[in-house]
Every structure is written in structure tokens, then in C-alpha cells.
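The values are calculated or read from the model by the stated rules, or taken from the named source; none is laboratory data. Just so it is clear, the structure is predicted and the values come from calculations on it, not from any experiment. No Cβ is skipped: glycine too gets one built from the backbone with ideal geometry, and neighbour counts run over all protein chains shown. We work out accessible area using only protein heavy atoms, side chains counted, and drop any ligands, DNA or RNA first. Shrake-Rupley method; radii C 1.70, N 1.55, O 1.52, S 1.80 Å.
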Amino acid sequence: MNPIPILDLKAQYATIRAEVESAIARVMESQHFILGPEVEALEQEIAAYCGCQSGIGVSSGTDALLVSLMAIGLQPGDEVITSPYSFFATAGAIVRLGARPVFVDIDLDTLNIDASLIEAAITERTRAILPVHLAGQMADMDAIMAIANRHGLYVIEDACQALGADFGGRRAGSISHLGCFSFFPSKNLGGAGDSGMVTANDPALADRVALLRNHGHRPKYYNQAVGGNFRMDALQAAILRAKLPHLEAWTAARQRNATLYRQFFLDAGFASETPELREQKPVILPRETGWGRHIYHLYQVRVQNRAGLMAHLKANQIGSEIYYPVPLHLQACFEGMGYAKGDCPNAERAAEETLALPIYPEMNEIQIQRVADTLAKFYSH
Ligand SMILES: *Cc1c(COP(=O)(O)O)cnc(C)c1O
């Protein structure tokens, strides 16, 4: 039996090799490696894809977050309300600027920030809300934007896992002041190294991000602000441009795989969608909010006996992964910020129970069935 990894980038590359190779050759012929026409073309294509006015290519998703927070003028001592259940960079970017991440617990069904808890966390130091669209499904942006408007706060979307997701027809990255994307190789649209994008609708904010992306040079060697080197490589842009036309089909394949998993677990009785039974079953399925399109960057289930299940999957050569084992408020580096166990009980529980199963677009129905059967075998003993 062939292994089923959590993600198989070689399988994807086999389907697009010629297009990617010609994109790489184009950049090598041009010998233009940083920013320039390939990056500008990608910026326009991603902006159009997200329904935004502009895109600013940057060096990573982490730098997209950092430069966005710099662009809104975040100062030491300011507070930013965010999710405790995310990749580290979400909170790291805030702390690097001397500001304080204020963690508001998640909704256990969607693993996204619980918007109903945000308003109580606002203080006079709050400058922004930084929701994360985890796993490919958007946070409750209507509620978040309404709160932000009432209190005069910026909203920056961490959309690193949500390129192409939407909320009532509006794409991730297009609803708030700035959207942050990552093209890390394992993301739904991944490059051959690090890169990212900031999306914007406000021309002044977009201009500020563009200025800060390149040391605040304007013109070169005349610095209007202290920025950094957050520039995007042309090679990444060219490769991403070759892959972008495939993204819709890849998303459809991920959604098909999610539907297959769901059907299997429900039919086999290992999961339930009835609210009273949902938590009693060994597998708790990701809940689709119905607000818009879930692009299934990850297929996260909550499970009983996670360590045992992971070992069983591994013994059957099936990959799985924990995103994330430690909620951000309990990270060692944030000790001394005053957070303690019990502050965000849902995030703490998610960190103990979630498991991501393979859902990459190149998986076929037989492979999905094998993963599901392997889980079923584990829980029927
Ligand atoms: C991947 C990711 C990031 C960071 O992106 P990089 O390109 O790896 O720097 C930030 N936030 C979330 C939610 C992510 O998934």
C-alpha cells in the first residue's frame, strides 16, 4: 500500500511541471529577480481574485502581518485583539512591534475567534482586531466589522489559510482594512520558497504598505519612513502566476474530499450533525457556517484519544498533523504577559483534540476512503 502523506506536493508538481518550468525560465532570461513586472502582474491577479483594489507582494505571510501592523501605525503599548488558536506569526507580529496581543477565545465549532466575546476585550489601548480565517473558513466578519466601526478600530485579516474563501460572496482579504496572505509551499497556493501578499482597498493604506515593504525609500535612498526588506522575489511571483489559474479546480477538489469524508463518517455513525449528539461521537466534523465558501486548507476534525489515533494512522502509513498543539496565550515566550491556563478554554481544548487529515486536491476517492476506513477501524475496537 502506498503511503498517504498529509500533503503531496510532488503529485501536484507532476500536473503543472511544464508551466512552472517555463515561468522559471522566463525570470532567468529577464535576470530581474526582485519586485518588477512579474511581481506587479501577480499583485494585480491576486487583487482581482480577491476582489480588492490592490495587492502588495511581500516576503512571507509573517511579513504581510508585520508590515500591515506597521502600516496602521501600531505603537508599543497598543493592544490588538486576536485569536489564541493560530500559527505563531499572528501573535508574533504584534509582539515584535511592542504591542500586546489580547487573546479572545475561539468558537469550538469553527475554531475561529468568537466575535461575541470581542467587545468585552476592548480597552482604550485597543487599536485593531486581527481575526484569523483558520483552515480556510472565514471568521464572522459582519460582526467583527460592526464592532470595529463602532469603536474606530482597524481590522487586519490573517487570511494566510483562506485564499479564495468568501463571506457572503466577499472574498477573504477584501472586507477589512488589510488582508494578509502566505504563499508558503504548503498553502493552497504555494510557491517554491517564502512569499506573501497584502491586499487593500484603501489607496493610502496600500501606499503605506508599499512604502514600508522597501525600507521606506521614496525615491531610492531618500527614506520617508523606517520600513524593512519585505520584498517579494520575481521567481516566486512567476511560479505563483503559473499556479493561480489552477487554484479554483484545486479548491473544488478539496471541497469534494471534505464532502466524501463527511458522508463517510456520518453514514458509518462515527460522527453526527445533530447538536445533541455531535459531541458524543468519536469524530467531530468541521462545521461549515454557511456564511460562504470554505476552501479547506486543512480538514480539521476533533477526535477522542488523539494520540492513539495518530499512532494508528502512522502505522497504516497515513499522515496527520496537529495544528496547533499549544494555544498562543500559553506559549513559553509569552510567559510574563499574564495569561494562564483557563483563560481561553475553547482554544485549550482545541489544542488537545484537533487533528488534520490529508485533504490535498490530488487525493482520489479511494485514498479518502482508505483514510476514513482506517479511522473507523480504530474507533470500532
Ligand atoms: C502560514 C501562516 C502564517 C505565516 O505565513 P508564512 O508565509 O509562513 O510566514 C501566518 N498565519 C497563519 C494563520 C498561517 O497559516
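Answer with yes or no whether Gly227 is in a strand (DSSP E or B) and assigned by TED's automatic domain parsing to the domain that holds Asp114. Answer is no for this residue.
When you look at Glu119, is it within 12 Å of the ligand (Cβ to nearest atom), modelled with pLDDT of 95 or more and charged (D, E, K, R), yes or no? Considered against the rule, which asks whether it is within 12 Å of the ligand (Cβ to nearest atom), modelled with pLDDT of 95 or more and charged (D, E, K, R), Glu119 comes out as no. Checked against the criterion of being open to solvent by less than 20 Å² (accessible area, probe 1.4 Å) and either of a type in the set (S, T, N, Q) or in a loop (DSSP other than H, G, I, E, B) (or both), the candidates Met337, Met363 yield just one match: Met363. In the stretch 231-248, the residues that are in contact (Cβ under 8 Å) with a residue 12 or more places away in the chain reach residues that are aromatic (Phe, Trp, Tyr) and surrounded by fewer than 19 Cβ atoms within 10 Å (Cβ to Cβ) with C-beta atoms within less than 6 angstrom, at least six apart or across chains, in these pairs: Ala234/Phe33. I'd like to check something: does the stretch 261-269 contain any residue that is touching a residue at least 24 places away in the same chain (Cβ under 8 Å), within 22 Å of the chain's Cα centre (by Cα) and not in a strand (DSSP E or B)? Within the stretch 261-269 (the criterion being touching a residue at least 24 places away in the same chain (Cβ under 8 Å), within 22 Å of the chain's Cα centre (by Cα) and not in a strand (DSSP E or B)), the answer is yes, since at least one residue qualifies. Kindly establish whether Asp114 is in contact (Cβ under 8 Å) with a residue 40 or more places away in the chain and either touching a Phe, Trp or Tyr at 6+ places or on another chain (Cβ under 8 Å) or within 16 Å of the ligand (Cβ to nearest atom) (or both). The answer is no for Asp114. For the stretch 54-79, a tally of residues being more than 29 Å from Ser22 (Cα to Cα) and among the polar types (S, T, N, Q) returns 2.
Check the stretch 142-150 and report whether any residue there is in contact with a Pro (Cβ under 9 Å, 6 or more places away or on another chain), open to solvent by 10 Å² or more (accessible area, probe 1.4 Å), on the phi < 0 side of the Ramachandran plot and assigned by TED's automatic domain parsing to the domain that holds Thr62. Checked against the condition, which is being in contact with a Pro (Cβ under 9 Å, 6 or more places away or on another chain), open to solvent by 10 Å² or more (accessible area, probe 1.4 Å), on the phi < 0 side of the Ramachandran plot and assigned by TED's automatic domain parsing to the domain that holds Thr62, the stretch 142-150 yields no hits at all. Candidates in the stretch 55-71 are the residues that are in contact with a Phe, Trp or Tyr (Cβ under 6 Å, 6 or more places away or on another chain) and open to solvent by 10 Å² or more (accessible area, probe 1.4 Å); of these, the one that is farthest from the ligand (Cβ to nearest atom) is Ser59.
Note on the stretch 31-48: among residues that are surrounded by fewer than 19 Cβ atoms within 10 Å (Cβ to Cβ) and assigned to a helix (DSSP H, G or I), the one that is farthest from the chain's Cα centre (by Cα) is Pro37.
When you scan the stretch 130-151, do you find a residue that is in a strand (DSSP E or B), touching a Ser or Thr at 6+ places or on another chain (Cβ under 8 Å) and within 16 Å of the ligand (Cβ to nearest atom), even just one? Taking every residue of the stretch 130-151 in turn, at least one turns out to be in a strand (DSSP E or B), touching a Ser or Thr at 6+ places or on another chain (Cβ under 8 Å) and within 16 Å of the ligand (Cβ to nearest atom).
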